[in-house]
Amino acid sequence: MAKSFIDNSAKKLEELIFEYHDFRKDNLTEYKANNLCTNAWHIIDWVFVEFENIHGYDKIGDLRSSLYPRCHSLKIMHDIANASKHKNLDRPKAFIRTTSIHEGDFCKEDFSSDDFDVSRLEIVLEDETTLDFNEEIQNVIEFWKSYFSNDLQIELN
């Protein structure tokens with residue numbers, strides 16, 4: 001019996017994609033970013049339960065470890081999702097120092113963040129690497145689409 005309006009991992013991915021399109025309308029909204037991280041991260045839980053016969057792992061940690069090398073951005077999602085739930089992390093994966101809104105000089109409607117200094121959500125790692133949140137969530141969405149299509153042989157809408 002389903003306890004959620006979403007009842008399978010493919011729908012969970014569709015929910016993530018829907019939320020991402022909503023986030024793109026206002027990509028400086030921190031609570032939407034946290035929600036994206038949580039949903040992107042928890043797809044692992046859904047896949048673990050739903051496709052145990054395909055991935056063959058008895059422990060969810062083994063599945064997670066097998067996916068990290070294929071998508072480093074999953075570690076970012078892990079840390080933000082769990083920090084938004086627990087405040088602090090006992091076992092960080094990406095070693096995030098800070099997250100913040102970077103106030104750029106240019107308007108996002110007029111310029112690309114790749115070419116100009118536009119406002120965006122940033123993630124700074126312990127090693128001083130600065131990441132654009134939008135790129136990280138895009139990486140995860142593309143990873144999940146590929147995983148569903150290639151590994152699980154599931155066609156998405």
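Considering only the Cα atoms of the chain, their convex hull presents on average a projected area of 10.5 nm².
A 1.4 Å probe, protein heavy atoms only, puts the accessible area of His42 near 60 Å². Could you compute the FRET efficiency for Glu52 and Glu30, with r as their C-beta to C-beta distance and R0 at 35 Å, rounded to 0.05? Calculated value: 0.50. Residues with beta-carbon under 13 Å from that of Ile6, excluding Ile6: net charge, scoring Lys, Arg +1 and Asp, Glu -1? Once all neighbours under 13 Å are counted, the net charge is -3. For region 34-74, the set of trypsin sites (Lys or Arg not before Pro) satisfying both a DSSP loop assignment and a count of at most 14 other C-beta atoms within 10 Å is given as Lys59. Based on protein heavy atoms only, the chain ends up with 60 Å² per residue of surface accessible to a 1.4 Å probe.
With all protein chains in place and a 1.4 Å probe, the accessible surface of the chain carries 47 percent carbon and sulfur.
Subtract the Cα-Cα distance of Glu15 and Arg91 from 0.36 nm times their separation in residues, and report this length gain in nm to one decimal. Please list the in-between numbers first.
Values: separation 76, 0.36 × 76 = 27.36 nm, distance 2.74 nm.
Value of the extension gain: 24.6 nm.
Label point of Ala83 set 7 angstrom out along Cα-Cβ; within region 30-50, amide nitrogens under 16 Å from it belong to 30-39, 41.
The values are calculated or read from the model by the stated rules, or taken from the named source; none is laboratory data. Predicted model only: the values in this text are computed from it and were never measured. Note: ideal-geometry Cβ built from the backbone for every residue, glycine included; neighbour counts use all protein chains shown. Just the protein is used for accessible areas: all its heavy atoms, side chains included, with ligands, DNA and RNA removed. Shrake-Rupley method; radii C 1.70, N 1.55, O 1.52, S 1.80 Å.
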